[in-house]
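Visitor: Quick one: structure below, then a few questions.
The values are calculated or read from the model by the stated rules, or taken from the named source; none is laboratory data. As the structure is a computational prediction, the values presented were derived from the model and not from experiment. Please note: Cβ atoms are built from the backbone with ideal geometry, for glycine as well, and neighbour counts cover all protein chains shown. With ligands, DNA and RNA removed, areas are computed over all heavy atoms of the protein, side chains included. Shrake-Rupley method; radii C 1.70, N 1.55, O 1.52, S 1.80 Å.
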Amino acid sequence: MQRRLISFVPVAFVEVLFGWVYYAYVFRYIWSILATNTLVLGIAFVTIFHALFLMAQVCFWRTVFKDPGGIPEQFVQHAAENAFHDTVETNRGGNRRECGKCRLYKPDRTHHCSQCGRCILKMDHHCPFVANCIGWHNYKLFMLFLTYTVLCAVYVAVTTVPGMFEAVTKASHVPPQHSTNSTSLHAAPHTPGLTPGGSESDVAVLVAFIMATVFAGGLGLFAGTHYYYVLSNKSTIEALEKQHSRSNMYNMGAAANWRQVFGRSPLLWFWPVCNSVGDGLVFPTRDSTPDDARQRLLPNNDT
């Protein structure tokens, strides 16, 4: 129990970052836009931001609490009765893969996670920032979390550029302390959408801009790498283990690879439901016949 609670410390850290960006953007930046009577602009900014922010949060927490998938009991029983009926991967000795810790035969693409203490179906990696493994049942949710977080960060960074520049300009043109000319306080007209509330608001906007830029750049590269993995049908573990090999028997083409993760319906591709095609136990390969592929790639209705 204590270990589980400790594992949520990075999760809390992520939420603190999200919370700070939310506070700075909504209560400092957007509020200043509304204060300058640009109501339509303020409403548009806050509506788009909340749509992206809420989707990122929903996908984040679904990733945290969604079981990535373990070896089901029916597979254990089936594997004990059939030698290589549903697996194509073997160990170095040419035998069926077996977990040395769980003492169970492993489906293809399944790996043992030392953090979770069990085997995970199509394990990608263990992510401390969601306190969970990323595997078959939550990989799509993880991808959507990255996607909406990057979009939200890009949106915040782009829309706060004017506020960032005004904050820098105000800081570099501070009037002398002894000046008492009242006209100097109102000489420069305030640009709509920028912070009129003084240094505290300026700092908040600057920090939000920097954080959003870092998130957009860092997570953008990370998300791009995972989209490449999706389109080439490989996991992070497989990419690292087979980085010097051009062979990938699971690569069925970009379109089929995409549907395997995001589902068949385009309407649900970017919606946080688990509609990946298959069961996480068996996968079609380039050597499979069409009938074999249909048998090995069954629809998954888990949401």
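Visitor: Accessible area per residue of the range 1-130 at 1.4 Å probe, in Å²?
Guide: 55
Visitor: Ordered by packing density, taken as the mean number of other Cβ atoms within 10 Å over each peptide's residues, highest first, how do 272-283, 145-156, 215-226 rank?
Guide: With the highest mean Cβ count within 10 Å placed first, the list reads 145-156, 272-283, 215-226.
Visitor: Another question, if that's okay. To the nearest Å, what is the center-to-center distance of the range 32-58 and the range 133-160, using C-alpha atoms only?
Guide: For the range 32-58 versus the range 133-160, the Cα centre distance is 19 Å.
Visitor: How much of the accessible area of the range 1-147, probe 1.4 Å, is carbon plus sulfur, in whole percent?
Guide: 63
Visitor: Determine how large the accessible area of MET123 is when every protein chain is in place; take a 1.4 Å probe and give Å² rounded to the nearest 10.
Guide: 20
Visitor: If you take every residue apart from TYR148 with its C-beta less than 14 Å away from the C-beta of TYR148, what net charge results, scoring Lys and Arg +1 and Asp and Glu -1?
Guide: +2
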